[in-house]
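Before any comments, here is the structure.
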Amino acid sequence: METRIVPSSGEGRQGNRCGLLNGHDKTVNELAGHYGVHPTLIHGWKKQLNAGAESVFGSPAKAASADAEARQAELFEQIGRLKMELEWVKKKAAAFL
């Protein structure tokens with residue numbers, strides 16, 4: 001008979017089921033046996049998924065705004081470098097006029 005560990009986090013009897021991982025209702029041991037990995041790996045992957053699911057499956061608007069902010073910062077840096085270069089060229093050109 002298969003023994004199941006019931007977590008104390010309130011998940012109840014479904015606590016050791018990883019249905020979200022592969023779309024099926026299998027226990028961690030069943031998944032481990034099927035894919036040939038240790039159950040501890042699957043528990044670790046499940047913890048990583050639960051901890052970072054919001055960033056992975058979060059709204060695309062947040063990801064797009066983060067990309068836009070990074071691009072904006074990059075462009076501002078380029079503008080600053082170009083302004084400094086322009087001032088340097090103007091200073092050197094003034095010496096020849």
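At-a-glance table
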{"read-out": "Pair list, Cβ < 8 Å and 6+ apart or interchain, from segment 24-43 residues that are part of a helix (DSSP H, G or I) to residues that are at pLDDT below 90 and of a type in the set (S, T, N, Q)", "value": "Val28/Asn16; Leu31/Asn22; Pro39/Asn29"}
{"read-out": "The one condition in (1) assigned to a helix (DSSP H, G or I); (2) over 24 Å from the mean Cα position of the chain (by Cα); (3) at pLDDT below 70 that Ser9 fails to fulfil", "value": "(1)"}
{"read-out": "Residues located in segment 44-72, provided they are farther than 30 Å from Leu31 by Cα and exposed (fewer than 10 other Cβ atoms within 10 Å of the Cβ)", "value": "Pro60, Ala61"}
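The values are calculated or read from the model by the stated rules, or taken from the named source; none is laboratory data. Quick caveat, the model's predicted, so the values are computed rather than measured. A quick note on method: Cβ atoms are made from the backbone with ideal geometry, for glycine too, and the neighbour counts reach across all protein chains shown.
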